[in-house]
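To keep things clear, I will list the structure first and then write my remarks on it.
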Amino acid sequence: MRPGWGVAFTDTGAGSLSVSLPAGSAALQHRAALRSTLGLAQDFQFMTQVHGREVLTVESQGEQPTADGLVSTTLPLAVMVADCLPVLMLAEGDDSILTAAVHAGRQGVAKGILPHAVERLRQRGAERVEVWIGPSICGACYEVPEEMRAELATTIPEAFSETSWGTPALNLRAAATAQLRGIGVTVHQVEACTLEEPTLYSHRASQQQGRPEGRFAGLIFPMQKVGAA
Ligand SMILES: [Zn+2]
């Protein structure tokens, strides 16, 4: 990790960070607590994620833009997940450090949002791009219909998987890693499974096991402290 920059993934201890779920008002308090715990001078820039391919550059704090990827040289960035992949990127651009936070679920991986985000960084002079993939539902838990597995595995064979109970599944982490390594990116993994690990939020676990619905976050941020010049 480059000195002066932080990469982190939250868990249920930080509370749900989504303002659009029921009990979303608490999310604003959770976001403020996160910022203050990390001692940051600015709020995290979150986005309204829609399983698309849009990657936006943001340099000043504003309303939550609708996108699945954010690129910045100045703002702390956040991506919310609860089974999808939270993906954080860091690179040295032409005249500044570039960061990105990307939301990549099945649709995002299929649409190529990760190579697309890397391309955005390279357009701004980044040669070496480093990526952290955080906790997500694993290839032994992410059950999908046979046709859905076939559709993604046709283009990305690494996506092909089977659940621990023997039904068709997708391994999005392996698919994303293959996409990124294929274009020369260094990939680091935080390999917890959201469905199996109760200290993480999982959309499927909330539906199937009655665990609380919520979103945890991947965070990438400049570590300037409150009050620092
Ligand atoms: Zn799992």
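The values are calculated or read from the model by the stated rules, or taken from the named source; none is laboratory data. All values derive from a computational prediction rather than experimental measurement. When we count neighbours, we look across all protein chains shown, and the Cβ atoms used for this are built from the backbone with ideal geometry, even at glycine.
Things worth noting here:
- Residue list for the range 188-217, filter: in a strand (DSSP E or B) and surrounded by fewer than 18 Cβ atoms within 10 Å (Cβ to Cβ): H188, Q189
- Conditions (1) part of a helix (DSSP H, G or I); (2) within 16 Å of R173 (Cα to Cα); (3) touching a residue at least 40 places away in the same chain (Cβ under 8 Å); (4) touching a helix residue (DSSP H, G or I) at 6+ places or on another chain (Cβ under 8 Å): number failed by E151: (2)
- Candidate set: the range 189-210, residues that are under 16 Å from V81 (Cβ atoms) and of a type in the set (S, T, N, Q); chosen: the one nearest to the ligand (Cβ to nearest atom): T194
- Tally, over the range 20-53, of residues that are touching a residue at least 24 places away in the same chain (Cβ under 8 Å) and either assigned to a loop (DSSP other than H, G, I, E, B) or of a type in the set (D, E) (or both): 14
- Some residue of the range 179-188 being within 16 Å of the ligand (Cβ to nearest atom) and either of a type in the set (D, E) or touching a Phe, Trp or Tyr at 6+ places or on another chain (Cβ under 8 Å) (or both): no
- Count of residues meeting criterion [touching a residue at least 40 places away in the same chain (Cβ under 8 Å) and either hydrophobic (A, V, I, L, M, F, W, C) or assigned to a loop (DSSP other than H, G, I, E, B) (or both)] in the range 94-115: 11
- Every residue from the range 167-178 that is in contact (Cβ under 8 Å) with a residue 60 or more places away in the chain and within 11 Å of the ligand (Cβ to nearest atom): R173
- Filter result for the condition that a residue is at pLDDT below 95 and surrounded by 16 or more Cβ atoms within 10 Å (Cβ to Cβ), over P222, P168: P222
- For R2, the conditions (1) touching a Leu at 6+ places or on another chain (Cβ under 7 Å); (2) farther than 30 Å from R149 by Cβ; (3) modelled with pLDDT of 95 or more all hold with the exception of (3).
- Selected residue (only one of A91, A67 is surrounded by 15 or more Cβ atoms within 10 Å (Cβ to Cβ), touching an Asp or Glu at 6+ places or on another chain (Cβ under 8 Å) and free of Cβ contacts under 8 Å to residues at least 24 places away in the same chain): A67
- Annotation note: of V81, V131, V118, the sole residue that is in contact (Cβ under 8 Å) with a residue 40 or more places away in the chain, within 16 Å of the ligand (Cβ to nearest atom) and not aromatic (F, W, Y) is V81.
- Residues of the range 15-41 satisfying the condition of being of a type in the set (A, V, I, L, M, F, W, C) and within 22 Å of M89 (Cα to Cα): L17, L34, L38, L40, A41
- Of residues in the range 140-154 being more than 16 Å from the ligand (Cβ to nearest atom) and of a type in the set (A, V, I, L, M, F, W, C), the one surrounded by the most Cβ atoms within 10 Å (Cβ to Cβ): L152
- Criterion violated by T74 - all others in (1) in a strand (DSSP E or B); (2) touching a residue at least 24 places away in the same chain (Cβ under 8 Å) satisfied: (1)
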